[in-house]
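Have a look at the structure below before the remarks.
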Amino acid sequence: MNPNKALWEKGDFTRIAASMRESGEALVNALGVKSGLKVLDLACGDGTTAVPAAKLGAEVLGVDIARNLVEAGNRRAQEQGLKNLKFQEGDATDLAGITDKTFDLVVSIFGAMFAPKPFDVAKEMVRVTRPGGRIVMGNWIPNDPTLVAQILKISSAYTPPPPEGFISPMTWGVEANVIERFASAGVPQGNVSFIRDTFTFNFPGPPSDFVDTFRRYYGPTMNAFDAAEKNGRADELKKELDELFERCNTSQRQDDTSIPATFLRVTVSVN
Ligand SMILES: C[S@@+](CC[C@H](N)C(=O)[O-])C[C@H]1O[C@@H](n2cnc3c(N)ncnc32)[C@H](O)[C@@H]1O
């Protein structure tokens, strides 16, 4: 079994994605998605960005490596009567079956960054974008003080070191790496631009319950707890994450959590 696929099928990312819907919709609105635009949402999960893009009238394909998330996405499309939205299984490192120059917009929000072989990922995203089209990536930033970078940083201290040659997903949050990867796919540096953006997680419960949701359903955090449990350190990990979520929470209410997180928004113009 592909370990990348196994990681995301192990949990149920829909439980985390439920806290990301408002920002997903706001981001899609900011991208100027309109009726008829051909959009690929790559590593789409259950469609946090694919669904709002389809609601704006775009022709949307969601591709994800995790079978359970593709099924969840197709259920959402059906429930919402979105005939212009389809989800299918696929790997961002090799978009087999997708023809060159198909999409006006390829979007990948905290998605393709988690695929291995980043140079292949850049090449595939460029290949399936039509000349004049755009690629937009949302990438977490290494060592950023906000939520997700810190979850991954804390978790890594509890898990065994990755296999040799492993390239951290967080390297997609470094501008020089992004430029290098798209350059090797034929995109000049001047066609790649960056802004810092914010994604807000909204959860209907206190921060500690939100940590438990990550512990139960978010593959990378599940693995960190599995490893910590083996070393008798699960309580320590839970405490560190509770403190992090509490510190990042900006909600004034006792019974819900709102956590803004900074990410690198990458825009690539394809000639
Ligand atoms: C953090 S989730 C984000 C999902 C979605 N973009 C969202 O914003 O809700 C990361 C997603 O990347 C997918 N993924 C990881 N590696 C992949 C790959 N090689 N090809 C396609 N999808 C992949 C996972 O299955 C998961 O759905």
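Read-outs throughout are calculated quantities, based only on the coordinates presented, and are distinct from any laboratory measurement. Note that this is a predicted model, so its numbers are computed, not measured. Glycine also receives a Cβ, built like all others from the backbone with ideal geometry; neighbour counts cover every protein chain displayed.
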* **For Gln88, distant residues with modelled amide H under 5 Å away** => Gly62, Val63, Asp64
* For region 4-12, what does the Karplus curve 6.51 cos²θ - 1.76 cosθ + 1.60, with θ = phi - 60°, yield as ³J(HN,Hα) per residue in whole Hz, taken in order and with x for Gly and Pro? -> 5, 5, 4, 4, 7, 7, 5, x, 9
* Inter-probe distance in nm under a simple model that places probes 7 Å from Cα toward Cβ, at Arg247 and Glu22 -> 2.4
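Where does each of Glu240, Glu71 land when they are ranked from fewest to most other beta-carbon atoms within 10 angstrom?
Glu71, Glu240
Assuming a ≥ b ≥ c are the square roots of the Cα gyration tensor eigenvalues, decide whether region 41-106 counts as rounded (a/c under 1.5), prolate (otherwise, with a/b larger than b/c) or oblate.
Numbers: a/c = 2.09, a/b = 1.22, b/c = 1.71.
Judged from the Cα gyration tensor, region 41-106 comes out oblate (a/c at least 1.5, b/c at or above a/b).
Could you please report the charge total around Val60, scoring K, R as +1 and D, E as -1 over all other residues with beta-carbon less than 14 angstrom from its beta-carbon? Could the numbers behind the result be given before it?
Working: positive: Lys34, Lys38, Lys55, Arg76, Lys83, Lys86; negative: Glu25, Asp41, Asp46, Glu59, Asp64, Asp104.
Combined, the nearby Lys, Arg, Asp and Glu give 0.
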* Give the angle, between 0 and 90 degrees and rounded to the nearest 10, that separates the Cα long axis of helix 67-79 from the longest principal axis of the Cα atoms of the chain. => 70
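So if we plug the beta-carbon distance of Asn29 and Lys101 into 1/(1 + (r/R0)^6) with R0 = 30 Å, what FRET efficiency do we get, rounded to 0.05? Working shown, then result.
Values: r = 26 Å, r/R0 = 0.87.
Between Asn29 and Lys101 the formula returns 0.70.
If the convex hull of the alpha-carbon atoms of region 1-65 is projected onto planes in all directions, what is the mean projected area in square nanometres?
Computing the convex hull of the Cα atoms and averaging its projections yields 4.4 nm².
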* Given a Förster radius of 22 Å and the C-beta distance between Lys153 and Arg67 as r, what FRET efficiency does 1/(1 + (r/R0)^6) yield to the nearest 0.05? -> 0.15
* Extended-chain gain in nm, criterion 0.36 nm per residue less alpha-carbon gap, Ala176 and Lys117 -> 19.6 nm
* To do: Would you look at the GNM of the chain, springs on alpha carbons closer than 10 Å, and say which of Leu40, Leu31, Leu244 moves the most?
  => Leu31
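For Asp94, Asp41, what's the fewest-to-most ordering of other Cβ within 10 Å of each Cβ?
Working: Asp94 14, Asp41 32.
The order, fewest Cβ neighbours first, is Asp94, Asp41.
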* **Vicinal HN-Hα couplings computed from phi for region 106-122 (Karplus, 6.51 cos²θ - 1.76 cosθ + 1.60; Hz; Gly/Pro x)** => 10, 10, 8, 9, 6, x, 4, 4, 8, 7, x, 6, x, 5, 5, 4, 4
* Structure fact -> Most fluctuating of Asn139, Asn231, Asn202 in the GNM of the chain (C-alpha, under 10 Å) is Asn231
* **Rounded if a/c under 1.5, otherwise prolate or oblate - the chain, Cα gyration tensor axes** => prolate
